[in-house]
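> The structure is given below, and queries will be raised subsequently.
The values are calculated or read from the model by the stated rules, or taken from the named source; none is laboratory data. A quick note: this is a predicted structure, and the numbers were derived from the prediction, not measured. Because the Cβ atoms are built from the backbone with ideal geometry, glycine has one as well, and the counts that use them run over all protein chains shown. To get the accessible areas, we keep the full protein, side chains included, count just its heavy atoms, and leave off ligands, DNA and RNA. Shrake-Rupley method; radii C 1.70, N 1.55, O 1.52, S 1.80 Å.
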Amino acid sequence: MTVVLMLLAIAVLLFLRVPVAFAFLGPGLGYLLLTGHSGGLAMRLVAESTASFPLLAIPLFILLGTLAGHAGIADRLFDFALALMGKVRGGLGYVSIGVSLGFSWMSGSAVADAAALGKVQVPQMEKHGYSRRFSVGVVGSSALIAPVMPPSIPAVIFAGLGAVSTGALFAASVLPALLMAVCLAVVVFIWVRRQPDITDVGFSWEQVLRTGRAVLLPLFAPVIILGGILGGFFTPTEAAAVGSLYMLILGFAYRRLRLRDLPRIFVETVMTTAAIMLIVASAALVGYVFARERVPQELASIMLTVTEDPTLFLVLVALLMLVLGTVVDAVAVLVLTVPMLMPIATEIGVDPIVLGVLMVLSLMIGLLTPPVGTVLYVLSSTLKIPVGDVFRGAAPFLIPMVIICLVIILFPGFVLWLPELLGL
Amino acid sequence: GCSGGADDDTVELTLAHSYTQDQTAHTCGAETIRKEVEEADAGMSVEIYDSSQLGGDSDRIASVLSGDIDIDLQGASALAAVHEPMGVVDAAYAFEDAAHVSEYFRSGASDELTEAFKERSGINVLGAWSIGPRHFTANDPIRTPEDLDGLRIRFPGSTQYLLNARALGADATTVAYEEVYLSMQQGLVDGGENPLGNIASENMDEVQEYLSLSAHQQNSNLIVMGEIYDELSADRQEVLRDAVRAAEDRMIECVAESDARLVETFEAQKGFEVVDDVDVEAFRARADDWFREHLSGESLDVYTSIKESRP
Amino acid sequence: MASQTRRARSRPARLLAAVTAVELGLAGLLTGVIFVAVLIQAFQRHLPFEGLTWTGELSRFALVWLTFLAAGVLVTRDGHIALQLVDTLKSERAVRGFHVLAHLLVAVIAGLFAWQCWSLIPSSSILTSPSLGMSMSLHYVLPLVGFVSTALRSAAAATVVAREGVPAAQESDALAIKVNREVQS
Ligand code: NA
Ligand code: NA
């Protein structure tokens, strides 16, 4: 009963525009006090859930992405992709996907990507006759590659909650992320065939070589990060720090960073980290209430009466993530549902790695859907375009994302192939 | 917390721990306590929250202190966060075998320690058991203290474990428990030391070549209860103590059984060799010398009280 | 009239800027601590000397402190992730009313958590952290600062929004990555 009241209160607060973190904190605290818990428990729980070693990868991967942005890596990737694809029909569409793909190896969240890349690319595309909606749709949807491709913040969170290997989850995410890029390119291909107005930008080998040299060192960052993890030099958390150090050195070498820029970079990292971590912490408080009320066990028994078939279970999970992802922040959904879904998955023989990749991917779709779609808001505010237009532009690109979810469900081997090849 | 009908004054006790539902500390330990308490029909019931659902070890100590959790299973080294000398219970080779842990806490030898602990924190120690001895795993066999030279062995990050590493002559590396498997697999650490149950549940046998049966530390669980224990009637306190004793006896059997079964499984396994001729005496003597030289005050008293409790 | 309110606000505004600088400075420093501590941990394993064992604990604590310390600044800069259904309402008065209500609710919730931190400072004094041996009382000091700041900033934001409308309470431009949609000004 009390737990129903708590959920109702959360819903009301969310609707009233109380920030997600506080909409969880208030009712969670209310439940604990009403059920006779001690006065400090709620605060202890939120502090404890933040103090987890795997979660340290979050500020560090955010730092890495911020440094990469300030070091001008996105511009270098853009120039290179443009040199390669400029002559192709609809080239700027593919450029956008290519840049996101390149940047995704250095960034763990879609928000930073959308902010950094949207400002450069959308005006460029509009200049060459692409519609504003389409441009913002390409940029927004390809920004979703970043949280799927390692390093991935949602994957770090899933691995921490589900006690699975971050390295294996990272490896398993590579192919789905590449497939995303391919599928988005197919949508671009279909779209540009019906657009007579777009113009191309030209091509020269000299350009390709010049810009290619400029991305050589930045593209070594993923080698350090993934190579460091898979080669046994660092844990994922440590790899994030080492990758940041490398990016810092690059920034200095490229003369894009000075020592006096560092405070600003660290403050930017703090703001993004705190916004994410507050939601992790507050969702953990609600998770504690669920545990006390045995909600996971009840949900599990309901789920198991519905199905013991792994495929159907994964379909239900994907649907649940799609629905929850539209209204609640992805991180909060992970914190609340992973402890419930993991035991069921183990029970009916679903590989936790497959579950992780599927959950991350299907949740990321929600970043582009109203009412809570962080990427949507970021693009809308940085480009001064109404949220509705951004969504209408992005909607066609969501179809291939759903198809990839289906591929993962039907052919889990597609996800497991790489981690197994690497012996993870 | 307390709840239930007002007229019959039923007490519902929360028991929390960090083990999964198939580990012995849950099946033979916590479940026995629950069953025994219920069968005693003393108006008490026990509700178990396993798998760290109510928080990790150190978080739950705070919850026992604040009364948010009634009964908890805690390692002695974790309880050192409240009262430092308690950590000595987890000292390397302090106990002779698993049964010795329960024996020590039943005997008067532990009174000074548990009373000091109670005075400092208000927490009662109802009893203790071992979830099994900790053994080394590595890619080399470890038979003597010298074999540890040059190996980076993962130890848990708390003070007593790091003291144990020094006492045994190991080069300790701390890696979060969540990252142990990967660290072993990638060679980030050369080895680790864990009870057999954890070695199996974390699949360390997949990523290590040798299991050396050093049995260098009894991995203790203390059954602790906050001030709610003092509020119970003497009869109910008796019921709880008896339930804990029954669970201790059950645990000693279960752990011996499951450890024997695990050793058998590991012996049959290719690529994971069981080393059963570890020079335990050499390790034991080294650790004993080290602790007697480096411990002082109350901690040394606890150490000698354990050693003398089974001469 | 506009210049008058500006002059009247300049002192609190300067105070606010100073507080923000301290909060962000500390939180930024803590991020630096995480960066350096994890780097030390990453490299020491490959070096001959014995490792430092407290790096993991220190960085985990730093993550807690920076998270709650930054909560207040996120209020003033509209950086908390929120559902923005009410922003689409036609009536400016209604939008304003909802914003005031939301700010007040945040102020109350943050105030309650500040009280929790306050009560945890004495009650945690008998606990020490396993690796650093730090008294756990200290653990809740920076979160206390963060929640007090959140409560005060939200209460202030509620007053400003009530008097001058939604955008007046926000310094969204000061935030590098804006999470929330900008409200038409
Ligand atoms: Na990424
Ligand atoms: Na959404």
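> 222 nm [θ] for the protein assembly as shown, helices only, -39500 (n - 2.57) per DSSP H run of 4+, per residue, to 500? Write down the numbers at each step before the final one.
Details: 39 runs with 581 residues, N = 920.
Calculated at 222 nm, the ellipticity per residue is -20500 deg cm²/dmol.
> At a Förster distance of 35 Å, what's the computed FRET efficiency of B:E146 paired with B:R261, Cβ-Cβ distance as r, to 0.05?
Working from the Cβ atoms, E equals 0.65.
> Continuing with the same structure: Run the accessible area of region C:2-164 with a 1.4 Å probe and give the carbon-and-sulfur part as a rounded percent. Before the final figure, lay out the partial values.
Numbers: 5140 of 7230 Å².
Taking all protein chains in place, region C:2-164 shows 71 percent carbon and sulfur surface.
> Rank A:T305, A:T272, A:T346 by mean-square fluctuation in a GNM of chain A with C-alpha springs under 10 angstrom and give only the top-ranked residue.
So, out of A:T305, A:T272, A:T346, the one fluctuating most is A:T305.
> Where a ≥ b ≥ c are the square roots of the eigenvalues of the C-alpha gyration tensor, would you call region B:229-299 rounded, which needs a/c under 1.5, or, failing that, prolate if a/b is larger than b/c, or oblate? All intermediate terms of the calculation are to be shown ahead of the outcome.
On the way: a/c = 4.46, a/b = 1.35, b/c = 3.31.
Cα axes put region B:229-299 in the oblate bin.
> Taking 8 Å as the Cα distance limit and 6 or more residues as the minimum spacing, I'd like the relative contact order of chain B as a percentage. The partial results should precede the final answer.
Values: 601 pairs, mean separation 78.2, N = 311.
The normalised contact order for chain B reaches 25 percent.
> Looking at the P(r) of region A:260-418, how many percent of alpha-carbon pairs lie beyond 26 Å? Intermediate results must be reported in sequence, preceding the final value.
On the way: 4684 of 12561 pairs.
In whole percent, the long-distance tail amounts to 37.
> Hey, another quick one. How big is the dipole moment of the protein assembly as shown about its Cα centre under a simple scheme where the beta carbon of each Lys and Arg is +1, that of each Asp and Glu is -1, and everything else is neutral? Debye, nearest 20, please. Mind dumping the intermediate values first?
Numbers: 59 positive and 93 negative charges, 1482 e Å.
Charge dipole, the protein assembly as shown, about its Cα centre: 7120 debye, nearest 20.
> Region B:199-271 to region A:126-178: how many Å between their Cα centroids?
Going from one Cα centre to the other spans 43 Å.
> Determine the principal axes of the Cα atoms in region B:153-272, then give the extent along each, sorted from largest to smallest and rounded to whole angstroms.
Principal-axis extents of region B:153-272 (Cα, largest first): 55, 33, 25 Å.
> Using a cut-off of 17 Å between alpha-carbon atoms, which aspartates and glutamates can reach A:K119, once sequence neighbours fewer than 8 places away in the same chain are excluded?
Those aspartates and glutamates meeting the cut-off are A:D75, A:D79, A:D389, C:D173, C:E182.
> On the protein heavy atoms, probe 1.4 angstrom, tell me the percent of accessible surface of region A:48-421 carried by carbon and sulfur. Can you show the working numbers first?
Values: 8620 of 12640 Å².
Its accessible area is 68 percent carbon and sulfur atoms.
> A:I403 accessible area, nearest 10 Å², 1.4 Å probe?
Here the residue's solvent-accessible area equals roughly 90 Å².
> Taking only C-alpha pairs under 8 Å that are 6+ residues apart, what is the relative contact order of region A:219-267 in percent? Let's see the in-between values first.
Working: 22 pairs, mean separation 13.7, N = 49.
Normalised by residue count, the contact order of region A:219-267 is 28 percent.
> Springs between alpha-carbon atoms under 10 Å, Gaussian network over chain B: tell me which of B:D277, B:D97, B:D190 tops the mean-square fluctuations.
B:D277
> Can you give the average number of partner chain beta-carbon atoms within 10 Å of each beta-carbon in peptide B:57-65, as a whole number? Walk me through the intermediate numbers first.
On the way: counts 1, 6, 7, 1, 3, 12, 7, 0, 6.
Across the residues of B:57-65, the mean count of other-chain Cβ atoms within 10 Å is 5.
> Over the protein assembly as shown, what per residue volume does the convex hull of the Cα atoms give, in whole Å³? Please report the intermediate quantities before stating the final value.
Details: hull volume 160.5 nm³, N = 920.
Convex hull of Cα atoms, per residue: 174 Å³.
> Could you tell me which trypsin sites (Lys or Arg not before Pro) in region A:132-219 are loop residues by DSSP with no more than 14 other beta carbons within 10 angstrom of their beta carbon?
Values: sites: A:R132, A:R133, A:R193, A:R194, A:R210, A:R213; in loops: A:R193, A:R194.
Hits after loop and neighbour filter: A:R193, A:R194.
> With contacts defined as alpha carbon pairs under 8 Å and 6 or more residues apart, what's the relative contact order of region A:48-421 in percent? Spell out each step's value before the answer.
Working: 568 pairs, mean separation 97.1, N = 374.
The normalised contact order for region A:48-421 reaches 26 percent.
> Over region B:242-306, with the other protein chains present, what is the accessible area per residue in square angstrom, probe 1.4 angstrom? Don't jump to the answer; show the numbers that get you there.
Numbers: 3560 Å² over 65 residues.
For region B:242-306, the solvent-accessible area averages 55 Å² per residue.
> Starting from region A:262-330, pick out the chymotrypsin sites (Phe, Trp or Tyr not before Pro) whose DSSP state is loop and whose Cβ has at most 16 other Cβ atoms within 10 Å.
Values: sites: A:F266, A:Y288, A:F290, A:F313; in loops: none.
Within region A:262-330, no chymotrypsin sites (Phe, Trp or Tyr not before Pro) qualify (loop, at most 16 other Cβ atoms within 10 Å).
> Could you state the accessible area per residue of region A:58-164 in Å², with a 1.4 Å probe and every protein chain left in place? Please report the intermediate quantities before stating the final value.
Working: 2400 Å² over 107 residues.
Heavy-atom accessible area per residue stands at 22 Å².
> Ok, one more. Run through all the Cα pairs of chain B and give the fraction in each 10 Å bin from 0, expressed as whole percent.
Pair shares across the bins are 6, 28, 35, 22, 8, 2, 0.
> Above 18 angstrom, tally the Cα pairs of region A:116-216 and express them as a % of all pairs, no decimals. Don't jump to the answer; show the numbers that get you there.
Numbers: 3206 of 5050 pairs.
The answer is 63 percent, as a whole percent.
> Quick check: with the 1.4 Å probe, what order do B:E253, B:E308, B:E119 take by accessible area, largest first?
Values: B:E253 105, B:E308 130, B:E119 160 Å².
Largest accessible area first, the residues go B:E119, B:E308, B:E253.
> A further question on this structure: Under 24 Å from the Cα of C:K90, which lysines turn up, not counting those fewer than eight places away in the same chain?
A:K384, C:K178
> Now, a different point. Sequence-distant or interchain residues sharing an amide H contact under 5 Å with B:A128, placed H: which?
Distant-sequence amide H within range of B:A128: B:I223.
> What total accessible area, in Å², is buried where chains A and B meet, using a 1.4 Å probe and rounding to the nearest 100? Please list the in-between numbers first.
On the way: alone 18210 and 13490 Å², together 29760 Å².
For chain A against chain B, roughly 1900 Å² becomes buried.
> Above 27 angstrom, tally the Cα pairs of region A:48-421 and express them as a % of all pairs, no decimals.
Details: 32185 of 69751 pairs.
I get 46 percent for the Cα pairs in region A:48-421 exceeding 27 Å.
> Is the shape of region A:263-311 rounded, prolate or oblate, going by the alpha carbon gyration tensor and its root eigenvalues a ≥ b ≥ c, with a/c under 1.5 for rounded and a/b larger than b/c for prolate? Walk me through the intermediate numbers first.
Working: a/c = 8.48, a/b = 2.46, b/c = 3.44.
Taking the square roots of the gyration eigenvalues as a ≥ b ≥ c, region A:263-311 is oblate.
> Quick check: the distance between the Cα centres of region C:50-105 and region B:138-180, to the nearest angstrom?
If you average the Cα positions of each part, the centres end up 41 Å apart.
> With 10 Å bins from zero, work out the P(r) of region C:2-164 over every alpha carbon pair and list the percent per bin.
P(r) for region C:2-164, in whole percents per bin: 10, 28, 29, 19, 10, 4, 1.
> Report, by chain and number, residues whose modeled amide H sits under 5 Å from the one on B:V274, excluding near sequence neighbours (fewer than 5 apart, same chain).
B:L211
> Moving on. Total Å² of accessible surface buried at the C-A contact, 1.4 Å probe, nearest 100? Numbers along the way, then the final one.
Working: alone 11930 and 18210 Å², together 24300 Å².
Heavy-atom accessible area buried at this interface is about 5800 Å².
> 7 Å from Cα along Cα→Cβ at both B:S45 and C:S125: what's the point-to-point distance in nm?
4.0
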